[in-house]
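Readers should treat all values here as calculations from the given coordinates under stated rules, not as data from a laboratory. Predicted model, so just to flag it, every value in this text is computed and none were measured. Here the Cβ is made from the backbone with ideal geometry for all residues, glycine too, and neighbour counts use every protein chain on show.
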Amino acid sequence: MIRTAILIDGGFYRKRAKVLWGKLTPKERAIELIGYSMAHIGRKDGEESRFLYRIFYYDCEPVGRRSVFNPLVRKNVDLDKTETYEWTRVFYDELKKKRKVALRLGNISDQLYYNIKPEVTKELLLGKRELSSLDEDDMMMHIQQKGVDMRIGI
């Protein structure tokens, strides 16, 4: 009998799954994650039986209870009131209910800020755009995980 542990980089998985299979509810995404993981344990003829030992899902806590100043709109954005925060919180709750899933969460760095997207910065520097043409879609929040990669390595 071969027991298999699957390690998942949660942030990467959520981004790729959304691109590949579209936007789903947290419950649907959790079911999809389990199904996708089980597909990787497929048995080939003549092999010993394979069984799932555990799915280790590594990610960081959703950013909440903080506000970040957006310099473009000149106001603070409450992160715990965003759709992403609520979706992620419910998704983690769904994963906690699943059998053989271990949720390993790291932390978010204390330094959160908005930055102009690299492709927009390039257009500004080349003179293709004016600073006055920027809108909220041209900005991205800089968030850095702490401890997630170390947890995967250990």
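Some observations on this one:
- Here's the list of lysines a cross-link from residue 18 could span, going by alpha-carbon distance under 16 Å and ignoring same-chain residues fewer than 8 apart: 27.
- The calculated FRET efficiency for residue 131 paired with residue 110, based on their beta-carbon distance and R0 = 25 Å, is about 0.30.
- Taking amide H atoms as placed 1.01 Å from N in the peptide plane, the amide H of residue 6 lies under 5 Å from those of 54, 55, 56, each 5 or more residues away in sequence or on another chain.
- In the list (1) 1.10; (2) 1.14; (3) 1.08, the label attached to Rg/Rh (Cα atoms, Kirkwood Rh) as derived from the coordinates here is (3).
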